[in-house]
Amino acid sequence: MSKNSFVIAVYVENKYGVLTRVTSMFTRRGFNIDTLTVGETEDPNYSRITISLSNEKTDRAQLINQLKKLYNVKKVEVISPDMAIKRELMLIKVKNSPDTRAEIRDTASVFRAKIIDYSADAMCLEITGDTNKIDAFIDNMKPFGIIEMCRTGIVALERGPESMLSK
Amino acid sequence: MRLSGAEIVVETLIEQGIKTIFGYPGGTVIDIYDQLYRNSDRIEHILAAHEQGAAHAADGYARASGEVGVVLATSGPGATNLVTGIANAYLDSVPMLAITGNVPNSLIGRDSFQEIDITGITLPITKHNFFVHRVEDLADTLREAIRIAKSGRPGPVLVDIPKDVQGAKCEFISAKPVEKKGGVPADDADVAKAASMIAEAGRPFIYFGGGAVRAGAGELIAKLADKIDAYIGCSMMGLSEVPVSNKRFLGMQGMHGHYASSKAMAKSDLIIGVGVRFSDRATGNTSKFSAGARKIQIDIDSAELGKNVDINLGAACDICDFLTKLIDKVEAKQLPNWEAKIEKLKGQEAEQEFTDFLPADAVRAVSEIVTPDTEIATDVGQHQMWVAQYFGFEGKRTWISSGGLGTMGFGMGAAIGSSYGSGKRTVLFTGDGSFGMNLNELATAVTYNVPLTIVLFNNGVLGMVRQWQTLFYDKKYSNTTLNRKTDFVALAESFGAKGYRANDLESFKKAFADAYSQEGPTLIDLTIDKDLKVLPMMRPGGTFDKLIIGEEAEE
Ligand SMILES: Cc1ncc(C[n+]2csc(CCOP(=O)(O)OP(=O)(O)O)c2C)c(N)n1
Ligand SMILES: [Mg+2]
């Protein structure tokens, strides 16, 4: 992930329509989301929305204040860059041919990507890592012909023994 | 007690101390209306002419009474007609509960007859909203909605109730009225920092807004000003919180603010913002706004701190608590140089000739006739600004005007609501354009014999827009000359209200004295010139150094 972005974790009540409320605030106040992931947490009452945003374009204090005002939002935390462990997952489908097969395999093994589906014409690979690594992998796959790809966006945790929810 | 959802709605409102609600019936709220009928001795329902009028009435009721205003409407068009009223309450932080019916759960999502996703539509203009899936959640949802509406920074909350939930039954246990959550207490360190900034300041200025009105902070503001020799100004939303007779109060700020007030804030070296968001209309170019002054901002809503202008100290807390502690902590000061500067500005203001013209005189005349606790409502346009500038507000919370949204058509509904909220005669100043938007509520006023006197400044134009066209669009009057043939006196009479015609100060005073002493609604059509201007004027995005004060801008 580039230096120009930051990640926030938003804990919200695990209820119908809450994601809309959060994202609608972003639209209305003109905040631009780079990536967004949502999922359950250790406490089933809360979901966690992990959002990455560009640093330059975002008034961070205003964003956090506005998020905190939303009724269903329990907690908002900026993940401090030095403490953050950030990962993304990508599935990518590339063209497969006898000439390129070996090279794709080699590249995959350098990046520790897994081949998860295989046919004579196409290969499907899975890769996890930080954003830079995934970007680099895409660049390496381009010459083979990318058929389709899909990235999850960033999930992130802070190092250390605590849970953000109980912090 | 096992009650139906519709019964629960009415019982919960009564339990929460709601005595008056405004609304309009329809298919998906007919069960609730049935219960209102059966309980008409316990809760009063005012039938408006249009849901927008009902929403503005709930808004006006809340502003005048300080309580939560409640509006009820049916699904589909009933609900969408509320939207402007809800947005208006949102931008002015007015506590409001909007209840809508919706099609039964089984029909939701199928584009059924009069089905509208009103929680979706109102998402960005409510503090929060709820869709009630189950009757078991209904009572608590309504209670929570009321709590949210009045807690912290107030605002509108909408509760959408599908029809099957209104018919379903469950156990109802009545509860106490919900307490509003106030702001957090002031932080001593912030108070100390503010006190030291004041100690260093030579030209302190207190600038307050609607937040100070909601908190009732007027007396504390005056006390602080006395102690530190500061002068006071307010945003349009702050009007009536500090009486104009207070010598330190210089009046309104902003695009059409009072001359001395705007100039004094521009010259000050410390601005203490109290419950005010430094909106663009009030500050002009926010990046150039009072660049030389340090700024303190005190607001119950932390998201307001530094949102529009950069500040040196922000405190998100209960305003009154902060001011009380600050008055205690701060050293008294005397600043004769500052006083001399202000006196000079006041002198300059008094010399300007643009204060003497018919609508200004009419506003001043009303000011002298009515009791100080009279609610003064307005619509939006030049007439609104003239009232803001020339009315001598002495009673707290007597200014009922649409600030943030600037909603033409707000006046009629709001004035009716304000009469209910205050239990007294309200005076509405409106314009021929604005009145045209919701004059149907005259029917409501007549039906309920609402004590309301309407002063219509009839210039035959959309005066405020025309003024911009005069100043910035080369006098090309595109679509602002109304050319209507409406006879407003005959119109008032046809609705059943008493009408008066006036065209100069004498005839106006006479008409007003009579109109004000009647029982029900009255309307005075005052003909005024179409080329009058609201002055001074700061250019949109301009600064207070260069105001338009006559034909020319200041150098
Ligand atoms: C609903 C709505 N539509 C348009 C406007 C834009 N607007 C602001 S003031 C104004 C003219 C108001 O005319 P009138 O009520 O006659 O008041 P006057 O300025 O003439 O006193 C208009 C069109 C608005 N504020 N609200
Ligand atoms: Mg007009």
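The values are calculated or read from the model by the stated rules, or taken from the named source; none is laboratory data. Note that the structure is a prediction, hence the values are computed from the model and not measured. Neighbour counts are summed over all protein chains in view; Cβ atoms, including those assigned to glycine, are modelled from backbone coordinates with ideal geometry. Quick note on the areas: whole protein, heavy atoms, side chains included, nothing else; ligands and nucleic acids left out. Shrake-Rupley method; radii C 1.70, N 1.55, O 1.52, S 1.80 Å.
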Pairs, please: C-beta under 9 Å, at least 6 apart or cross-chain, first residue within 14 Å of A:Lys114 (Cα to Cα) and in the range A:88-102, second aromatic (Phe, Trp, Tyr) and not in a strand (DSSP E or B)? A:Met90/A:Phe137; A:Ile92/A:Phe137; A:Val94/A:Phe144
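Quick grid of which residues meet (1) within 12 Å of ligand 2 (Cβ to nearest atom); (2) part of a loop (DSSP other than H, G, I, E, B); (3) in contact (Cβ under 8 Å) with a residue 24 or more places away in the chain:
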site	(1), (2), (3)
B:Leu456	yes, no, yes
B:Arg466	yes, no, yes
B:Leu471	no, no, yes
B:Tyr477	no, yes, no
B:Leu491	no, no, yes
B:Ser494	no, no, no
B:Gly499	no, no, yes
B:Ser507	no, no, no
B:Ala511	no, no, no
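For a quick check of your reading: which strands (runs of 3 or more DSSP E) sit entirely within the range B:40-108 and have at least 3 residues that are open to solvent by 10 Å² or more (accessible area, probe 1.4 Å) and aliphatic (A, V, I, L, M)? Spell out how you get there, then give the answer.
Numbers: elements: B:44-47, B:69-73, B:96-102.
By residue number, no strands (runs of 3 or more DSSP E) qualify.
Give A:Pro161, A:Pro143 a once-over and let me know the one that is open to solvent by 90 Å² or more (accessible area, probe 1.4 Å) and either closer than 19 Å to A:Val76 by Cα or touching a Gly at 6+ places or on another chain (Cβ under 8 Å) (or both). It would help to see each step written out before you state the result.
On the way: A:Pro143 fails: either closer than 19 Å to A:Val76 by Cα or touching a Gly at 6+ places or on another chain (Cβ under 8 Å) (or both).
Within the list A:Pro161, A:Pro143, the selection yields A:Pro161.
Residue-wise test of (1) more than 18 Å from B:Leu82 (Cα to Cα); (2) within 16 Å of ligand 2 (Cβ to nearest atom); (3) away from every other protein chain (no Cβ under 14 Å).
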residue: B:Met408; (1), (2), (3): no, yes, yes
residue: B:Gly411; (1), (2), (3): no, yes, yes
residue: B:Lys424; (1), (2), (3): yes, no, yes
residue: B:Asp432; (1), (2), (3): yes, yes, yes
Just one of (1) surrounded by 16 or more Cβ atoms within 10 Å (Cβ to Cβ); (2) within 14 Å of chain B (Cβ to nearest Cβ) trips up A:Arg60, so point out which. (1)
Restricting attention to the range B:180-195, report how many residues are open to solvent by 50 Å² or more (accessible area, probe 1.4 Å) and of a type in the set (Gly, Ala, Ser). 2
Restricting the search to the range B:333-359, which residues are of a type outside the set (D, E, K, R), open to solvent by 60 Å² or more (accessible area, probe 1.4 Å) and under 29 Å from the mean Cα position of the chain (by Cα)? B:Ala350
Within the range B:378-401, is there a residue that is buried (at least 24 other Cβ atoms within 10 Å of the Cβ), part of a strand (DSSP E or B), outside the structural domain of B:Ser245 (by TED's automatic domain parsing) and within 16 Å of ligand 2 (Cβ to nearest atom)? yes
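For residues in the range A:73-131 being part of a loop (DSSP other than H, G, I, E, B) and among the small types (Gly, Ala, Ser), which is most open to solvent (accessible area, probe 1.4 Å)? Quick ask: steps written out before the conclusion?
Pass one, the range A:73-131, residues part of a loop (DSSP other than H, G, I, E, B): A:80, A:96-100, A:111-113, A:119-121, A:130.
Then keep just the ones that are among the small types (Gly, Ala, Ser); that gives A:80, A:97, A:113, A:119-120.
Values: A:Ser80: 38, A:Ser97: 36, A:Ala113: 16, A:Ser119: 50, A:Ala120: 71 Å².
My answer is A:Ala120.
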What's the number of the condition B:Trp399 fails, among (1) more than 16 Å from ligand 1 (Cβ to nearest atom); (2) more than 19 Å from B:Ser434 (Cα to Cα); (3) touching a strand residue (DSSP E or B) at 6+ places or on another chain (Cβ under 9 Å)? (2)
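Any idea which residue in the range B:32-85 is farthest from the other protein chains (Cβ to nearest Cβ), counting only those that are within 16 Å of ligand 1 (Cβ to nearest atom) and in contact with a His (Cβ under 7 Å, 6 or more places away or on another chain)?
Residues of the range B:32-85 that are within 16 Å of ligand 1 (Cβ to nearest atom), as a first pass: B:50-53, B:55-56, B:59, B:80-85.
Narrowing the set further to residues that are in contact with a His (Cβ under 7 Å, 6 or more places away or on another chain) leaves B:81, B:85.
Details: B:Asn81: 22, B:Gly85: 19 Å.
Result: B:Asn81.
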Report, by residue number, each residue of the range B:472-500 that is within 15 Å of ligand 1 (Cβ to nearest atom), over 28 Å from the mean Cα position of the chain (by Cα) and under 29 Å from B:Gly541 (Cα atoms). B:Phe472, B:Tyr473, B:Tyr477, B:Ser478
